[in-house]
Amino acid sequence: MRANNGDALIAAAVAGLGVLYEPEFIVADAIRQGALEQITLEVRTADLGGIHLVRAPDRAPPAKVRVMTDFLLAAFNPRPPWAIQ
């Protein structure tokens, strides 16, 4: 099965239609609830490097950019809220 919707893929996996390969933030709740079980692959998955904030380095950012930066740092450091382990 192929879909561009994480919720549809989770529903299919919960229904027993196969193994689901999705980012942790999509499946974390289903794993915590016991609807899905996390498995270990023999081959490592790609490390996408996390979340990045990019802005121009040569000037001070506007207040709304600073506020958003502070929010992202507080929300995702040191671990994102969906982290399972």
(request) Using θ = phi - 60° and the Karplus relation 6.51 cos²θ - 1.76 cosθ + 1.60, list the HN-Hα couplings for segment 30-36 in order, rounded to whole Hz, with x at every Gly or Pro. (result) 5, 5, 4, 7, x, 6, 10
(request) Using DSSP to define loop residues, name the chymotrypsin sites (Phe, Trp or Tyr not before Pro) in segment 8-81 whose beta-carbon has at most 12 other beta-carbon atoms within 10 Å. (result) Tyr21
(request) Convert each backbone phi in segment 16-23 into a coupling constant with the Karplus relation 6.51 cos²θ - 1.76 cosθ + 1.60 (shift: θ = phi - 60°), then list the ³J(HN,Hα) values in order as whole Hz, x for Gly and Pro. (result) x, 8, x, 8, 10, 10, 9, x
(request) Compute the acute angle (0 to 90°) between the alpha-carbon long axis of helix 63-76 and the principal axis of greatest extent of the alpha-carbon atoms of the chain; round to the nearest 10°. (result) 40
(message) Could you work out [θ]222 nm for the chain from helices alone, using -39500 (n - 2.57) per DSSP H run of at least four and dividing by all its residues? Round to the nearest 500 deg cm²/dmol.
(response) -11500 deg cm²/dmol
(request) With unit charges on the beta carbon (Lys/Arg positive, Asp/Glu negative), name the residue among Ala60, Gly49, Gln33 whose Cα is farthest towards the positive pole of the charge dipole of the chain. (result) Ala60
(request) Could you pull out the GluC sites (Glu not before Pro) across the chain that fall in loop regions by DSSP (anything but H, G, I, E, B) with no more than 10 other Cβ atoms inside 10 Å? (result) Glu37, Glu42
(request) With +1 on each Lys and Arg Cβ and -1 on each Asp and Glu Cβ, and nothing else charged, work out how big the dipole of the chain is about its Cα centre, in Debye to the nearest 20. (result) 420
(request) Kindly state, to the nearest 0.05, the FRET efficiency for Ala56 paired with Ile26, given R0 = 25 Å and r defined as their beta-carbon distance. (result) 0.20
(request) Report the relative contact order of the chain, percent, no decimals, based on alpha-carbon pairs under 8 angstrom and at least 6 residues apart. (result) 30
(message) Can you tell me what percent of all Cα-Cα pairs in the chain are more than 15 Å apart?
(response) 69
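Values in this text are rule-based calculations from the coordinates and carry no lab data. These figures come from a predicted structure and were not determined experimentally. Backbone-built Cβ (ideal geometry, glycine too); neighbour counts: all protein chains shown.
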